[in-house]
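No lab work stands behind these numbers, since they all come straight from the coordinates. All values derive from a computational prediction rather than experimental measurement. So basically every Cβ, Gly included, is an ideal-geometry build from the backbone, and we count neighbours across all protein chains shown.
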Amino acid sequence: MDWKMNGVDMKLYGQARPSTLKSEFLKQYWKDQCQDAVKFTNLARDDFGQLAEGSLIFPPFRCENPAAMFFGRVAIYANGWMGAVEKYAGAEFNPRLEIGDGTRIGRGVHLFCCLHMVIGRNVLIADNVYISDNLHGYENIDLPPSKQPLITPGPVSIGDETWIGERVCVLPNVAIGKHCVIGAAAVVKKDIPDYCVAAGVPAKIIKRYDFDGQAWVWVSGA
C-alpha cells in the first residue's frame, strides 16, 4: 500500500500505518477509504472559498454553501455536516467559516454558522461534536421552531492547539482560547481562556496552566 496518495501524506491524518495492520482486509479497507477521500476532496475543492492542497474530506459529507468556507490543510472524517447559512425564515446572513492548518475533525461533527466561526490551527475535534453560532427561535407558540427566525447571539472562535472531546456542544457567542481541553459531553456556554481544561454541563474550568510553576493545577472548588 502506497502511504502517499496524490501527494497527500496519509500519516498526517491519523490512519494506522500499513505495517501495523495485520489483516489484509483492514489494509484494503483503509486503502479504499483513503482513495475515496482523495477523489472526493479533489472533486469538492473548487466549490470552497478555500480548501488547501493536502486536505482530506472523507465521504459521506454534507456541506451547505462551501463558497463561504475557508479551510487550511485539514482532515475531516466521514458523516460530517457543515453549513454557512445565508437565508433562513426570511432573514439574510453573511456567514464565514474558517478552519486553520493542521486541524483534524472527527466523524459526525456538525458545524453551522450564520455569522463568523473561526477554528484555529492544529485543533483536534473528536467525534459527534456540535458547534454553532445560532439557535432556533421558539418564542412564537403558534409556529414550530423549524419555521421561526434563527437567533444569533454572537460568533464562535476556538484557539490554536485546542482539543474538543467527544459529544461536546459549543454554543453561540463563545470564545475558547489556545491549548485548551474541553472534556467529553461538555456544554460550553461561556468563554474559556487560554491554557484551561473545562468540563461539565455547563462547562466549568477545572484546571489552568501555571506558567510560574510550569504545571497544570486544579482550580479551587472544581
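Assorted remarks:
- Percent of beta bridges antiparallel (DSSP, segment 21-125, rounded to nearest 5): 10
- Working note: Karplus 6.51/-1.76/1.60 with θ = phi - 60° gives segment 90-104 the couplings x, 9, 10, 9, 10, x, 8, 10, 10, 9, x, 4, x, 7, 10 Hz, where Gly and Pro are set to x.
- Amide H to amide H distances under 5 Å link ILE119 with GLU98, ILE99, GLY100, ILE158, where only residues 5 or more positions off or on other chains count and H is placed in the peptide plane.
- Note on ALA44 and ARG167: the extension gain reaches 41.6 nm, defined as 0.36 nm multiplied by sequence separation minus the Cα-Cα distance.
- Remark: segment 170-177, residue by residue, has Karplus-estimated 3J(HN,Hα) of 10, 8, x, 6, 10, 10, 9, x Hz, where x stands for each Gly or Pro and the curve is 6.51 cos²θ - 1.76 cosθ + 1.60 at θ = phi - 60°.
- Of the chymotrypsin sites (Phe, Trp or Tyr not before Pro) in segment 124-196, the ones in a loop by DSSP (not H, G, I, E or B) with at most 12 other beta carbons within 10 Å are TYR138.
- Cα-based Rg / Dmax (Å) for the chain: 18.9, 60
- Couplings 3J(HN,Hα) of segment 136-146, computed from phi: 6, x, 9, 4, 7, 6, 8, 10, x, x, 5 Hz, in residue order, whole Hz [Karplus 6.51 cos²θ - 1.76 cosθ + 1.60, θ = phi - 60°; x for Gly and Pro].
- Helical contribution to [θ] at 222 nm, DSSP H n ≥ 4, -39,500 (n - 2.57), averaged over the chain, rounded to 500: -3500 deg cm²/dmol
- Across ALA198, ALA175, ALA91, mean-square fluctuation computed from a Gaussian network of the chain (C-alpha pairs under 10 Å connected) peaks at ALA91.
- Close lysine pairs were tallied over the chain: pairs 8 or more places apart or on different chains with Cα atoms under 21 Å apart number 20.
- Diffusion coefficient, µm² s⁻¹, Stokes-Einstein with Kirkwood Rh over alpha-carbon pairs of segment 42-154 at 25 °C and 0.890 mPa s: 168
- Based on C-alpha pairs under 8 angstrom that are at least 6 apart in sequence, the chain has a relative contact order of 10 percent.
- The residues neighbouring GLY183, those whose beta-carbon lies less than 14 Å from its own, together hold a net charge of +2 under the Lys/Arg +1, Asp/Glu -1 convention.
- Ordering ASP210, ASP194 by the number of other Cβ atoms within 10 Å of each residue's own Cβ, fewest first, gives ASP210, ASP194.
- Whole-Å semi-axes of the ellipsoid equivalent to segment 140-219 (Cα gyration tensor, √5λ, descending): 31, 12, 10
- Relative pair counts by distance (%), Cα atoms of segment 93-209, 10 Å bins: 15, 46, 29, 9, 1
- The chain, dipole about Cα centre (Lys/Arg Cβ +1, Asp/Glu Cβ -1), debye to the nearest 20: 560
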